[in-house]
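First up is the structure itself, then whatever we jot down about it.
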Amino acid sequence: MMIDVTYYERLDSRSRHTYDVIVADLRSMSPRILADGVDEDMLQDILRNRPELFYVSQQFAVAYSLLGRSIQPSYLYPREQASQIAGELARKVEEVVRERINDHQSDYDKVLVLHDYLACTAQYDDEAAAANDRMVARDPRIAESHTVVGPLLRGKAVCSGFAKAMKMLCDRVGVKCCTIGGTASNVMSSGPHAWNMVCLGGRWHHVDVTWDNQFSMNGDIPNYGYLNVDDETMSRDHRWDRSLVPTSPDDPYNYFRMNDSLVDGRVQLERLLKDRFDTEEPFVLFKVKRDSPFAQKIGSDLNEIVYKAASQCRYTRLSGFRCESIPEQLVFDIQPVYH
C-alpha cells in the first residue's frame, strides 16, 4: 500500500489533538505532561519532527497517578538559556535562507542547496556518536550534536542533528520534509540512524545528509549518493518501519537523473568524463544503473575508462585521479588531477 502522507497527517483527530497538546506542553517546558493515549511512536515522531524542541532531553520518565499516565520530560537548558539559543537558531536559519535561497529556485534546487550547506559546513561528531544514552540525555555539549544546535550553531553533528537541521531548513523554505528513524549499515558504521524524506513534485524521496557528508573526500564537495533516492535504493543499506513514513516508489528527482550522470554503459561514461574533463571540472560524480551489465564491469574497467576519456580531450591532460565510491549505491566520485 502506498502512503503519501506523514505520521502526523495520518493521525485521527483525537490522536492529533493529543500530539498537539504534548508539543505545546514541551514548548512551554512543562515538568509533567498527561500522556494517556500516547505511545512510543508518537513521542519519537515529536522528538524527530519538531526540531524547535532542541532543549528537550531524549529520555522521559513515566509516572502513574489517579489522574492517569504522565511523562516527566527533562530539559537540557534553563528556560532563559533555551530562549537565547532559540533566538540564535532563528537568526542562523534566516541567514542561510537569505544567502542561499531565492524565489527563482525550484523545490529541487532548494533541497540541493540546503543539503550542500549542511554537508559542507558541519563535521560528523565522533565523540557524540560514541556517547551512551545517559551522556546524551544529561550533557548538553554531547546532546547538541543530536539536535539542530550542533550543525547550525556548533559546526558538528551526528545523524539525528543533520536530519533535524534539514527538517528545520526545509520547513522554513516551504519544502515538505520529515525525519525518519531506523538503522543503517555501511563500511564505516552500523546501528541506529536518522535521515529525511522530502516531497518534490508530489513524490517523496529519501535524503541522507549524514552519509553524503561522511562519504565525501573533500569537505567542500559533498557526495550525492543519498540525495533524493527511492525506497528500493535506500533499502540496500537502510532499514525503517515503512508503516510510519511516506512511500517512495520511484525517484524522478534523484540527483543523478537531474544531472544526466546516471550511466549504463562504457561509451556513455567515457563521453560524460570527457565533457567534464574538457571544462576542467574539479570532480565528476556519476552513478551506474544497477540493472545494467555495465554494473558488473565498472570496478575493473574504471581506470582504463578514465584515461581513455582523458586522451580524447583536445587541450586537457590528466596526471592522475582520485576515486571514492559508495559500493552499495554504485556511486563514484572522480577527482581528476590536471596538468
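The values are calculated or read from the model by the stated rules, or taken from the named source; none is laboratory data. What you see is a predicted model, and the numbers here were worked out from it, not measured in a lab. Quick reminder, even Gly has a Cβ in these numbers, built from the backbone with ideal geometry, and neighbours come from all protein chains shown.
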Q) Is the stretch 51-62 home to any residue that is surrounded by fewer than 19 Cβ atoms within 10 Å (Cβ to Cβ) and modelled with pLDDT of 95 or more? A) yes
Q: Of all residues in the stretch 26-41, count the ones that are basic (Lys, Arg) and in a strand (DSSP E or B).
A: 0
Q. Quick one: how many residues across the stretch 235-249 are surrounded by 14 or more Cβ atoms within 10 Å (Cβ to Cβ) and closer than 17 Å to Cys177 by Cα?
A. 7
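Select, from Arg27, Arg98, the only residue that is under 25 Å from the mean Cα position of the chain (by Cα), under 29 Å from Asp212 (Cα atoms) and modelled with pLDDT of 95 or more.
Arg98
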Q: Being among the aliphatic types (A, V, I, L, M) and outside any strand (DSSP E or B) is the filter; apply it to the stretch 254-298 and report the residue that is nearest to Ser235 (Cα to Cα).
A: Ala295
Q) Which condition does Asn303 not pass, out of (1) assigned by TED's automatic domain parsing to the domain that holds Asp109; (2) of a type in the set (S, T, N, Q); (3) in a helix (DSSP H, G or I); (4) modelled with pLDDT of 95 or more, if it passes all the others? A) (1)
